[in-house]
1. Quick one: grab the alpha carbon gyration tensor of segment 849-992, order the square roots of its eigenvalues as a ≥ b ≥ c, and give me rounded if a/c is under 1.5, else prolate or oblate depending on whether a/b is larger than b/c.
2. To check you understand DSSP bridge types, tell me what percent of the beta bridges within segment 286-436 (both residues inside) are antiparallel, rounded to 5.
3. Please compute the per residue accessible area over the chain with all protein chains in place, 1.4 Å probe, rounded to a whole number of Å².
4. Given segment 270-423 reduced to its alpha-carbon atoms as identical point scatterers, what log10 I(q)/I(0) does the Debye formula return at q = 0.15, 0.20 Å⁻¹?
5. Quick one: work out the % antiparallel among DSSP beta bridges in segment 523-736, nearest 5.
6. Please report, to one decimal in angstroms, the Kirkwood hydrodynamic radius of segment 523-736 built from all distinct Cα-Cα pairs.
7. On a 0 to 90° scale, report how tilted helix 255-264 is relative to the longest principal axis of the chain, with both axes built from alpha carbons and the result rounded to the nearest 10.
8. Tell me which residues come under 5 Å, amide H to amide H, from Glu832 once H is placed; ignore anything under 5 positions away on its chain.
Amino acid sequence: MGQNREHTVSSDIVTGDMISESILEEGVFRFDCSAVDREAAFPSISFTNTAYRDTPIIRHGSPAYIPFFECHFGQQTVKLELPEGTSFYGTGEVSGPLERTGRRIFTWNTDAWGYGSGTTSLYQSHPWVLAVLPNGEALGVLADTTKRCEIDLRKESTIKFTATSSYPVITFGPFASPTLVLTSLSHAIGTLFMPPKWSLGYQQCRWSYESEARVIEISKKFREKGIPCDVVWMDIDYMDGFRCFTFDKSQFPDPESMVKELHSKGYKAIWMLDPGIKQEEGYFIYDSGSESDVWVQGADGKPYVGEVWPGPCVFPDFTQSKSRSWWSHLVKDFVSNGVDGLWNDMNEPAIFKVVTKTMPDSNVHRGDPELGGLQNHPHYHNVYGLLMARSTYEGMQLADENKRPFVLTRAGFIGSQRYAATWTGDNLSNWDHLHMSVAMVLQLGLSGQPLSGPDIGGFAGNATPKLFGRWMGVGAMFPFCRGHSEKRTLDHEPWSFGEECEEVCRLALKRRYRLIPHLYTLFYLAHTKGTPVAAPTFFADPTDPSLRKIENSFLLGPVLVSASTVPEHGSDQLLHILPKGIWLSFDFEDSHPDLPALYLQGGSIVPLCLPHQHTGETKPSDDLVLLVALDEHGKAKGLLYEDDGDGYEYTRGGYLMTYYFAELESSVVTIKVTEAEGLWERPKRRVNVQLLLGKGAMVDVWGTDGDVLQIEMPSEHEITELVSASEKKIKQRIESVKRIPDAAADGPGHKGVELSATPVELKSGDWLLKVVPWIGGRIIAMTHLPSGTQWLHSRVEVDGYEEYSGSEYRSAGWSEEYTVLERGLEQAGEEESLTLQGDVGGGVMLRRTISIPRENPKVVRIESSLLAHSVGAGSGGYSRLVCLRVHPMFTLLHPTETFISFTSINGCKQEVWPEAGEQYFLGDSRPDGEWKLVDKCLGVELVNRFDVDQVCKCYIHWGTGTVNLELWSSERPVSISSPLKIRHEYELRPVA
């Protein structure tokens, strides 16, 4: 146990080293602030069994790193300092870069339609950080709390958690590799449910296919066009007035017959269920739930009513076993309609027409004692989706114990992989979201959720042909592979973008189906060992720091997928960064600029199949392909796992796990089975062994699976010729393929003045301003004409006067292209003014009007707002969480003679000098509507006046010869009728 240096700083603050005890297994430690805090901690919902967390074991060694805590006014902050050069990952479902150092997020499940790279809360919460140390070892850190938790990684090599007291912190390791950390984590939080094999195929969805006829039409077209697809999804419009567990009798009059027809064509059908139950007497679900008293309660003890799709709704309290049982039996009955899988959406829980987008904190959940008992909503908010997914999963088990459930959930918590797959929510059809989708899938895998993927092509907005084809190319390699798009967008089926895009989609999905034996093996390993299916490239060599930020490639076991996520270049034009060792490229005679490059790690054998003509479905009797890449010692090994593809016979030995081995001796490569597990007999099938030589070249041999096979290794001269011929063939194919056109989807063009590379000038009275609409709409010059002083520190591409749409540094708004909506000219008798607007994503626009008022030409006035213009019906009319952040950078003409002066709302007079460093002013410490940048040497002050009711935070940041005087609005969602605004102005005047 580490030494506890707890001491009281004041009556309100307690700090010290946390106390530790060994739990679960060697290398896993629980830390608490004190013995009292240990007793006060709530039961664990993330652990499969809370006793694993609460029961000490005989100690095996001491923890390598001991967290430091600070408790203050009911908040517990935990810091863990690690060696310099440590890289951070994990943090669950998050946007932005793969490497998380420098980032901050909040675990608070949020309906985040149209999120951006700086959005700090998405649909799921994983208070978990995977730290990769400089030597390649790894440490996992879990803050085991369901409450809203800040994960702050902005300080290099330091992890900081802040949440309501009291909660334990669990560390896993350090272990020799990140994989071992994830395996240890799975012993605590459980592993992925074993997915049915059909769920590995491509899946087609839209909000919504609004009738049985349209569903059948789509399913037929996939078969006619020879594009692999195994699943069709039904979004909410199949319901009768959005009432769960019902069908619209006009559009879906006979769902059982429809599903039978889908089954006859080789499809499965998945249907959506939301938690919001229409409050309507006579609706059998509402009546049944009211009779069983299963609803979440408001502060008044009555069922809470919030508006969602059906209108006023009540919500099952999944924290109670009786509510989960009630829901599970409804699911059991619903499955009898031919339901193959279920989709839980809106389960953050999302509520319409409220700024918080969720239930009030005062709501009451009457939770089971083992979950935490009766608590207000903030305690259970983050696990509501997990508990709903659990109830849905258990209902499907009740319906048929011989089938594996398949559940997809939008909301989740660490541990929800036990019950459901997930997707990355309502993303956007743009290149940024294509690029982010790789890191998002990888982060989920690094947080215990291996079965995830994005809406391929983007959910909101219209994809271009090139974007859709490129996204399908990489998306076909993700663990979960589904195309999905929003209402009122263009059709987003693979054939909707022209013949060239259709062909790329066909090739990409056929690749996936060739790889299904390998993918299914990876899923079995994820289910049994807790390993990720898709892993970051650095997993191939955690000791190599140059690999740690790579986010356009990833590993599927020993297969490296290297994709292009930028529109300007295809994968054939990129320099593919490979880990150390032997990496041999391969394809399926399908090389294309819009498909990822594939490599196999030396020393590996990967099983493949030959897909059927239509679905690509594979069966045990199909021909088997073994792709072999020898290591530097002339050896290779690999695995193939097989079972019925559904059901639970595999748990009773009904499977076959085959271990293949290849070795080069005396110019002959021998391939054989070295070991087999399971009760299944080996199928009588042909096997094609393909030995990779490099640049796509190979030699092969056919035989019978299980027999010893041999390949004569070509001479060095023959290998050179084979490689050269293969390289030439691939080049010819790349040059001859029809490229996907870069045509844009229909949409509005620029309004008003066209953009150019010339800054727009505003000149009137005392001021000359220069504005660049093409990069962030930034003001790059603010020159006071009487004195000749230029107050902004700026280049065209950075600094100056910028505005952001989030509290993260350089969130959306600072680099987007702005359109000039209106230009007022003094020469035309108008006020000198400029109105610009930029799309900052997620249906949110940043609009700014800059003017030099005619009535007061000594002033520069700026009026800015964040506006919701199209935030999607699924958001309930509100955007993601946004913050209007005004970020001007001023030049200090005389740094040692310049300070900031203001009077606070509370009456205190302030002088802030450069040596004070960065400072925030909140509440009554804010300036009372005015602060001044004072230059004593010049005898002038730049006065910034603002509406204090619009500004919740003022921030000062001193640089080298610069200072930022920032104004921040509140942080909240916006709707059409509730924009965020900041109105302020600048004036230069003599020091009073």
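1. Working: a/c = 2.27, a/b = 1.77, b/c = 1.28.
Prolate, because a/c is 1.5 or more and a/b exceeds b/c.
2. Among the beta bridges of segment 286-436, antiparallel pairing accounts for roughly 65 percent.
3. Per-residue value: 36 Å².
4. These q points yield log10 I(q)/I(0) values of -0.73, -1.35.
5. Details: 50 of 56 bridges.
In segment 523-736, DSSP labels about 90 percent of beta bridges as antiparallel.
6. Taking every pair of different Cα atoms in segment 523-736, averaging 1/r and inverting gives 18.7 Å.
7. Computed tilt is about 60 degrees.
8. Those lying under 5 Å, H to H, from Glu832 are Glu826, Ile852.
The values are calculated or read from the model by the stated rules, or taken from the named source; none is laboratory data. Computed from a predicted structure; not experimentally measured. Cβ sites come from the backbone with ideal geometry, for glycine too, and all protein chains shown count toward neighbours. These area figures cover heavy atoms from the full protein model, side chains too; ligands, DNA and RNA do not enter into them. Shrake-Rupley method; radii C 1.70, N 1.55, O 1.52, S 1.80 Å.
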